[in-house]
Amino acid sequence: MEPVEPHTTPGAAPKVRARAVTRTFGHGTRQVHALGPLDLDIRHGEFCCIVGPSGCGKSTFLRIVAGLVRPSGGEVEIRAGRRHPAAMIPQDYGIYDWKTVLANVRFGLDVQRVPRKAADARAGDWLERLGLADFAHAYPATLSGGMRQRVAIARALAVEPEVLLLDEPFAALDAQLRTILQDELLAVCQATRTTALFVTHSLEEAIVLGDRVVVMSARPGRVIAERRPPFERPRTGAMRRAPRFAALHAELWELLRDEVQRAGAGAATPAHTVGKPS
């Protein structure tokens, strides 16, 4: 039996709706068809993970949803009550070295022209939630990689986004810290009912975090399969040792194997980047 997914309403209109989305780069003989056509619906409150070979357009699709890149064809709709409903967390943190931790977290609120007192209070609240309150006046250069990623998460959540977009945010972290931040992120998204779209190369990460795992093909990326991890919320580390976890991991790898080989034709792609079972 599949778990009941939190904060979703069966039959409700999707929070994010992508139809026939394509993206090409370049012109003429140098044109590269990078993405699509891609169709995808994401429900309100859903944590959706996207996996696929390197270069399949996962990050491009994320930037299209964020409004940072225009699709070459098709459309993306976000059912939202404001003009800029999405916030994005990139792999390289995207925080400013010359700003304090507090100023970094407050940045989006400053752009929205939230009064300073209210902005400081909201930023401070997120610093407290993510264990960064003692570092409010520190600069990023003095922080560890995990702390910098917490700053990036706090900055994105401080603007109270309706849709949170994450582009391999934990890829550069060690396994132990990655596990801790996965748990923290999932807890925050469930508490705030934030819809999340998470791009990752790690099958384990996708299974741990996702209400749904979407599998993309090699370039041009399109959806070839979807799976729903059969684990109730809240999830614990014990799920990683469950037979169902190993079975789903193996099934996803079988779906990806040919796509990874296609993507790596002429340029080897390490199998472990998409979580090949050892």
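Restricting the first member to the stretch 237-253 and to residues that are of a type outside the set (Gly, Ala, Ser), and the second to residues that are assigned to a loop (DSSP other than H, G, I, E, B), the beta-carbon pairs closer than 7 Å and six or more apart or on different chains are 239/231; 244/230; 248/229; 249/275; 249/277; 253/275; 253/276; 253/277. Residue pairs whose Cβ atoms lie under 6 Å apart, separated by 6 or more positions or on different chains, with the first residue in the stretch 197-222 and farther than 12 Å from residue 59 by Cβ and the second of a type in the set (Lys, Arg) and surrounded by fewer than 24 Cβ atoms within 10 Å (Cβ to Cβ), are 212/228; 213/227; 218/262. Residues in the stretch 220-248 that are at pLDDT 90 or above, outside any loop (DSSP other than H, G, I, E, B) and under 18 Å from residue 47 (Cα atoms): how many? So the answer is 6.
Considered as a group, the residues in the stretch 125-147 that are of a type in the set (A, V, I, L, M, F, W, C), assigned to a helix (DSSP H, G or I) and in contact (Cβ under 8 Å) with a residue 12 or more places away in the chain include one that is surrounded by the fewest Cβ atoms within 10 Å (Cβ to Cβ), and that residue is 141. Only residues that are among the aliphatic types (A, V, I, L, M), within 23 Å of residue 191 (Cβ to Cβ) and loosely packed, with under 14 Cβ neighbours inside 10 Å were counted across the stretch 234-256, and they come to 1.
Results for (1) at pLDDT 95 or above; (2) among the hydroxyl-bearing types (Ser, Thr, Tyr); (3) touching a helix residue (DSSP H, G or I) at 6+ places or on another chain (Cβ under 7 Å), shown as yes or no for each residue.
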{"residue": "42", "(1), (2), (3)": "yes, no, no"}
{"residue": "50", "(1), (2), (3)": "yes, no, yes"}
{"residue": "59", "(1), (2), (3)": "no, yes, no"}
{"residue": "63", "(1), (2), (3)": "no, no, no"}
{"residue": "68", "(1), (2), (3)": "no, no, no"}
{"residue": "91", "(1), (2), (3)": "no, no, no"}
{"residue": "94", "(1), (2), (3)": "no, no, yes"}
{"residue": "141", "(1), (2), (3)": "no, no, no"}
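Scanning the stretch 209-231 for residues that are surrounded by 18 or more Cβ atoms within 10 Å (Cβ to Cβ), over 17 Å from the mean Cα position of the chain (by Cα) and more than 25 Å from residue 71 (Cα to Cα) gives a single hit, 231.
The values are calculated or read from the model by the stated rules, or taken from the named source; none is laboratory data. Note that the coordinates shown come from a computational prediction; the quantities given were computed from them, not determined experimentally. Neighbour counts are summed over all protein chains in view; Cβ atoms, including those assigned to glycine, are modelled from backbone coordinates with ideal geometry.
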